[in-house]
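First the structure, in the form of structure tokens, and then the observations on it.
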Amino acid sequence: MILKIKIILASTSRYRAELLSRLHIPFDIVKPEVDETPLTGESPADTALRLSIAKAVVVAESINAASRHDIDHSEPTRTLIIGSDQVADLNGQQLGKPGARDRAKAQLQAMRGHTVIFHTAVAVVHAETGRTQSLIVPTEVAFRHYGDSEIENYLDRENALDCAGSAKSEGLGAALISRMTSNDPTALIGLPLLALTDMLAQEGCRVLA
């Protein structure tokens, strides 16, 4: 009997969807209903890891609940849920998605001249068994000493309100950055594909098979 593998991205992020599509595997998108508020005393890395797992788990639970009402069980399926989250760490201060221009400006002012660590976490949950893999991929980003007028020009020309730390590195945000260090170039954009490819392979989904 052939086992069907179904991939679900637990995110409505257009950046994560674009990144996952690079692997040329079919996937569905489900919005995870998760409160993304950091816990008291929680480190930026711990927040990113917890939320990446929570997003995948909540979608897995909803799928399992729906499957109990599905009378057609003729085709065995392995459902893999991908969750991811990113939190920027400025000397221990958490920077998430700004959502508004004034907050984006404040984030960019705070980061200039500093090195910020972007913690990008990814989790893969096997919906049927609950088996969970998770990993954090950090990216060190050194920001230039740009001025307020450059921040305004950047925000006029780049839609970065849905990016952690307001710096869209794959776009005009590159002009704000002097150096980046990471073992996965896709992590800063929002989904570490090198780690994810290994996780999927552990669950029998080999991208190039």
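The values are calculated or read from the model by the stated rules, or taken from the named source; none is laboratory data. None of the values given here were measured: they were computed from a predicted structure. Neighbour counts run over all protein chains shown; Cβ positions are idealised from the backbone, glycine included.
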Exercise for the section: Kindly list, by first and then second residue, each pair from a residue in region 147-158 that is of a type in the set (A, V, I, L, M, F, W, C) to a residue that is not in a helix (DSSP H, G or I), limited to pairs with Cβ atoms under 9 Å and residues at least 6 apart or on different chains. Expected result: 151/112; 155/161
Exercise for the section: Go through (1) in contact with a helix residue (DSSP H, G or I) (Cβ under 7 Å, 6 or more places away or on another chain); (2) surrounded by fewer than 22 Cβ atoms within 10 Å (Cβ to Cβ); (3) in a strand (DSSP E or B) and name the single condition residue 88 misses. Expected result: (2)
Completion exercise
Considering region 106-156, residues that are touching an Asp or Glu at 6+ places or on another chain (Cβ under 9 Å) and of a type in the set (Ser, Thr, Tyr), and then whichever is farthest from residue 80 (Cα to Cα), we arrive at 115
Problem - Only listed residue being within 17 Å of residue 11 (Cβ to Cβ), in contact with a strand residue (DSSP E or B) (Cβ under 8 Å, 6 or more places away or on another chain), surrounded by fewer than 22 Cβ atoms within 10 Å (Cβ to Cβ) and not β-branched (Val, Ile, Thr), chosen from 199, 180 - result: 199
Problem - Enumeration of residues in region 125-146 that are without any contact (Cβ under 8 Å) to a residue 60 or more places away in the chain and of a type in the set (Val, Ile, Thr) - result: 129, 137, 139, 141
Exercise for the section: Would you check if there is a residue in region 104-119 being at pLDDT 95 or above, closer than 26 Å to residue 39 by Cβ, assigned to a helix (DSSP H, G or I) and out of contact with any helix residue (DSSP H, G or I) (no Cβ under 8 Å at 6 or more places or on another chain)? Expected result: yes
Fill in the blank from the handout: A careful count of residues in region 1-42 that are of a type in the set (A, V, I, L, M, F, W, C), over 19 Å from residue 87 (Cα atoms) and assigned to a helix (DSSP H, G or I) gives 1
